[in-house]
Amino acid sequence: MSAGERSVGEATAERADVQRRLAAVREEMADAARAAGRDPGGVRVLLATKTVPAALVRAALEAPVPAGLAPVVVGENRVQELVAKGPELADLSPELHLIGHLQSNKVNHALRWASCIQSIDSLRIAQRISQRTERDGRVLDVLVQVNVSGEDSKYGVAPADAPALATEVAALPGLRLGGFMTIGPNPNTADAAAIRAAYARLRGVRDEVVTSGAPGTAGARELSMGMSNDFPLAVAEGATIVRLGSAVFGARPEP
Ligand SMILES: *Cc1c(COP(=O)(O)O)cnc(C)c1O
């Protein structure tokens, strides 16, 4: 076997590792939901699959879904990876979400595969997508990305501006506002209380929009928040989608 090639035995072991870790995080997610008095079936695990080969994403998608829990969703950061892995997973018909920043010149490629775009952070990009889906006679689910931590490095609209953007997005004919997404504060610098406060802030934005009475907002209940190192805190604050990468697939190679 040449360098870089993997034996069948290694591939099988990797698949088993992914399925074992997925089962473990699902259990931890369900425990956190029950501890918060929530139905574990109301929290979906999104597999954050950047840099993960399609064969391992497939292993996670083929794992049995425990009774009472929802099937997993796949989330890609880059349109390029969405386009590359979409066809390889198509036979499993997973729900594919875009969770990374979307540039307007990539909208058409993203729409070919994504059933939800979680990273809407401007009216301009929302209008661009809506024009396209309306022309195609479809309606796309989207989430508005909010920068709850205020960290400059993060995309997303400021919490104070989020309700106005969400209301405008919800009114676009080619989009259905599903809710909100955020990337939490850096867990290396934020403590558990600060992380929970940030997630509570997203919930506050959601509640404000859902109860506003504005057209298209009543169903916008999704809260996509929490990653491998803090998802139980996000579930405690109401997450309906937790986005897990390393906890399921192991550490990513350094960029
Ligand atoms: C990578 C990524 C995740 C998952 O990160 P982990 O820490 O590996 O769980 C979640 N959301 C987004 C937007 C990501 O880019």
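If you take the Cα centroid of the stretch 200-250 and the Cα centroid of the stretch 112-131, the two points sit 18 Å apart.
Across the chain, Cα-Cα pairs more than 34 Å apart make up 15 percent of the total. Of the listed residues R15, R128, R26, the order by accessible area with a 1.4 Å probe, largest first, is R128, R15, R26. Each pair of Cα atoms in the stretch 6-46 enters the Kirkwood radius, and Stokes-Einstein at 10 °C and 1.306 mPa s then converts it into a translational diffusion coefficient of 137 µm²/s.
Once the Cα-Cα distance is subtracted from the 0.36 nm per residue extended length, the E88 to A251 segment shows a gain of 56.4 nm. For A67 and D161, the FRET efficiency from 1/(1 + (r/R0)^6), where r spans their Cβ atoms and R0 equals 51 Å, is about 0.75. Contact order for the chain, expressed relative to its length and based on alpha carbon pairs under 8 Å spaced 6+ residues apart, stands at 18 percent. The residues of the chain present an accessible area of 47 Å² per residue when probed at 1.4 Å with all protein chains retained.
Taking the accessible area of the chain, probe 1.4 Å, and keeping the other protein chains in place, the carbon and sulfur fraction comes to 51%. Candidate cross-link partners of K85 among the lysines, defined by an alpha-carbon separation under 22 Å and a same-chain spacing of 8 or more, comprise K50, K106.
The distance between label points at E151 and A197 comes to 1.6 nm (points 7 Å beyond Cα on the Cα→Cβ vector). Stretching T211 away from H109 to a fully extended chain increases their span by 33.3 nm, per 0.36 nm per residue minus the current alpha-carbon distance. Each Cα pair under 8 Å and six or more residues apart adds its sequence gap; the mean of these over the residue count of the stretch 181-222 is a relative contact order of 29 percent.
The values are calculated or read from the model by the stated rules, or taken from the named source; none is laboratory data. These numbers come from a predicted model, not from an experiment. Don't worry about glycine lacking a Cβ; one is built from the backbone with ideal geometry, like all the others, and counts go over all protein chains shown. To get the accessible areas, we keep the full protein, side chains included, count just its heavy atoms, and leave off ligands, DNA and RNA. Shrake-Rupley method; radii C 1.70, N 1.55, O 1.52, S 1.80 Å.
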